[in-house]
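Chemist: Before anything else, here's the structure in question.
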Amino acid sequence: MTSSAVKPGKPSSHLVSPLSPSGASALRSPSTVGSVLQKPLSSSSSASSSSSSLATLSSSSIANPNPAITASTSNLGNTRFAIINETVHVHQLRPARRQEKLGSMLRDILGTNKKKVRDDAVSAIPDLGLSHPNPLSLMSGYVSQIKRGEVAGNGVIGAAAADTAAVAAASENLSLIEKYGKCQEVIGKGSYGTVRVAHKFDRATQREVLYAVKEFKRRAQESETSFNKRLTSEFCISSSLHDPNIIHTLDLMKDGRGEYCQVMEYCDGGDLYSLILAASPAGGLKQAEADCFFKQLVRGIVYMHSMGVSHCDLKPENLLLTTTGVLKISDFGNAECFRMAWETEVHMSNGVCGSRPYISPEQFRATEFDPRGSDVWAIGVIYMAMRTGSYMWQVAIPDDDHYYEAYLQGRKRKSGYEPIEKLRRDKCRNVIYSILDPAPTRRLNAKQVLNSEWVRSINVCEAGLRGY
């Protein structure tokens, strides 16, 4: 977590992005709501927001299955978001790669676009003692026994397992370029490493398929054992989650020099952070636009919590988008398993984790806390960022942050807290106040948010319903 450069208790004219090492402002502070950004997103902050830029083959290549919507949107031009009727809307986000390629070309000219993980990288899953894709399945166990020569594959199941073992073995020996294509332009760079786009031509469909390749970098003074443990943890968690609103993690690979990379689906619409920045001069995203993304986010969180996983670092930079408006949660580097499948008790978390504007207040004052509540708090801050184009506060510590203190006082007044009161709809305001309750025991959980009258009334775009 990068500490803020703003002195405690002193409001700033613009907030420092928690991911921007250069200290350049990204989102505006509450005092500048409605004004034009004075500083553009810095290259380092942009890299961080794309840091997680993971995701599948370009969804723009998938035809819209609804002819009526296709006909209605054919004349929208460069419109980012359009409402077709009371229940139907569409997102038309600009493909992120067009802008990213320019940055990649500049890095090539400057000689800073050096490749790290080589094309000859192969699957690192066997080296780390992992199995793929489902280590707990009976078939997976049977396949492992056949591969080790402990049993002979007999009968129909044995033949299927033998085939699976052969395919798995062959896949493990394929190089990065053979499985996922050639890594080209850089779309993100940060303390974790670099994210590139891999291009592979699929002969079966006669289309180019894109993948995001996240190249890991060992942290300063991090031992190889700790590094491998961190990689294993992130891969195990992210690859076990399968939901339309969570990024799909495909593989973990290692090259001859011992460099690791994680292969994921590629999202062609960029991240929510960049979208909010683009909409900030207008005061944030449109209501229906923000609501659609919010409901998709809540759905992903509900699924994630049902699997015993808490993200612990939710922020717009880690929420990726397709050009058709599907939101996907990414970057599970800080994620925690708060409950295993066979357990009923929740494991509490301790310590402060995340980016300052999104960290829940109990992390600063409690010795231990339920990480699920911290995820819920973060989505409330994210929703307000979408609607206002600004952070709610720099840090949720009343003695250190004027804006957070003002929020706590506003909760006590009949008139409420002005930025939330401007949301106009009573049902929406009530849910946001309940999400951003400083007392975690009173805060709504993700399922309650999803089942609230307001969120149930939100219309999600057709692409969001499909998941692509």
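Chemist: What are the pairs, 6+ residues apart or on separate chains, where a residue within the stretch 443-468 that is free of Cβ contacts under 8 Å to residues at least 40 places away in the same chain has its Cβ under 6 Å from a residue that is surrounded by 19 or more Cβ atoms within 10 Å (Cβ to Cβ)?
Modeler: Close Cβ pairs (under 6 Å, with a partner that is surrounded by 19 or more Cβ atoms within 10 Å (Cβ to Cβ)) amount to Ser452/Val431; Trp454/Cys428; Trp454/Val431.
Chemist: Taking Gly325 as the residue in question, decide whether it is at positive phi, out of contact with any Cys (no Cβ under 8 Å at 6 or more places or on another chain) and either without any contact (Cβ under 8 Å) to a residue 40 or more places away in the chain or part of a loop (DSSP other than H, G, I, E, B) (or both). Steps first, please.
Modeler: On the way: at positive phi: yes; out of contact with any Cys (no Cβ under 8 Å at 6 or more places or on another chain): no; either without any contact (Cβ under 8 Å) to a residue 40 or more places away in the chain or part of a loop (DSSP other than H, G, I, E, B) (or both): yes.
Criteria not met by Gly325.
Chemist: How many residues does the stretch 364-398 hold that are touching a Phe, Trp or Tyr at 6+ places or on another chain (Cβ under 6 Å) and touching a residue at least 12 places away in the same chain (Cβ under 8 Å)? Give the steps one after another, and end with the answer.
Modeler: Narrowing the stretch 364-398 to residues touching a Phe, Trp or Tyr at 6+ places or on another chain (Cβ under 6 Å): 371, 378, 381, 383, 393, 396-398.
When the remaining residues are screened for being touching a residue at least 12 places away in the same chain (Cβ under 8 Å), the result is 371, 378, 381, 383, 393, 396-397.
Within the stretch 364-398, residues that are touching a Phe, Trp or Tyr at 6+ places or on another chain (Cβ under 6 Å) and touching a residue at least 12 places away in the same chain (Cβ under 8 Å) number 7.
Chemist: Further, regarding this structure: Answer yes or no as to whether Ile458 is assigned by TED's automatic domain parsing to the domain that holds Ser349, under 25 Å from the mean Cα position of the chain (by Cα), crowded, with 21+ Cβ neighbours inside 10 Å and not acidic (Asp, Glu). Reasoning before the result, please.
Modeler: Details: assigned by TED's automatic domain parsing to the domain that holds Ser349: yes; under 25 Å from the mean Cα position of the chain (by Cα): yes; crowded, with 21+ Cβ neighbours inside 10 Å: no; not acidic (Asp, Glu): yes.
No, not satisfied.
Chemist: Based on this model, can you work out whether Tyr358 counts as of a type in the set (Phe, Trp, Tyr), surrounded by fewer than 21 Cβ atoms within 10 Å (Cβ to Cβ) and within 19 Å of the chain's Cα centre (by Cα)? Lay out the reasoning, then the answer.
Modeler: Details: of a type in the set (Phe, Trp, Tyr): yes; surrounded by fewer than 21 Cβ atoms within 10 Å (Cβ to Cβ): no; within 19 Å of the chain's Cα centre (by Cα): yes.
In short, no.
Chemist: In addition: Please work out if Ile432 is closer than 28 Å to Gly308 by Cβ, touching a residue at least 60 places away in the same chain (Cβ under 8 Å), in a helix (DSSP H, G or I) and in the same structural domain as Ser355 (by TED's automatic domain parsing).
Modeler: Numbers: closer than 28 Å to Gly308 by Cβ: yes; touching a residue at least 60 places away in the same chain (Cβ under 8 Å): no; in a helix (DSSP H, G or I): yes; in the same structural domain as Ser355 (by TED's automatic domain parsing): yes.
For Ile432, the condition - closer than 28 Å to Gly308 by Cβ, touching a residue at least 60 places away in the same chain (Cβ under 8 Å), in a helix (DSSP H, G or I) and in the same structural domain as Ser355 (by TED's automatic domain parsing) - is not met.
Chemist: To continue, here is another question. Please go through (1) assigned by TED's automatic domain parsing to the domain that holds Val346; (2) surrounded by 21 or more Cβ atoms within 10 Å (Cβ to Cβ); (3) over 13 Å from Ala335 (Cβ atoms); (4) hydrophobic (A, V, I, L, M, F, W, C) for Met304 and return the number of the only condition it doesn't satisfy.
Modeler: It fails just one condition, (3).
Chemist: Quick check on Tyr417: is it within 25 Å of the chain's Cα centre (by Cα), crowded, with 19+ Cβ neighbours inside 10 Å and of a type outside the set (Asp, Glu)? Show your work before the answer.
Modeler: Numbers: within 25 Å of the chain's Cα centre (by Cα): no; crowded, with 19+ Cβ neighbours inside 10 Å: yes; of a type outside the set (Asp, Glu): yes.
In short, no.
Residue-by-condition table, conditions (1) assigned by TED's automatic domain parsing to the domain that holds Trp342; (2) acidic (Asp, Glu):
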{"site": "Ala198", "(1), (2)": "no, no"}
{"site": "Glu208", "(1), (2)": "no, yes"}
{"site": "Ala220", "(1), (2)": "no, no"}
{"site": "Ser238", "(1), (2)": "no, no"}
{"site": "Asn245", "(1), (2)": "no, no"}
{"site": "Thr249", "(1), (2)": "no, no"}
{"site": "Ile276", "(1), (2)": "yes, no"}
{"site": "Gln287", "(1), (2)": "yes, no"}
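The values are calculated or read from the model by the stated rules, or taken from the named source; none is laboratory data. Only a predicted model underlies this, so the values are computations on that prediction, with no experimental measurement involved. Here Cβ is always computed from backbone atoms with ideal geometry, including for glycine, and neighbour counts include all displayed protein chains.
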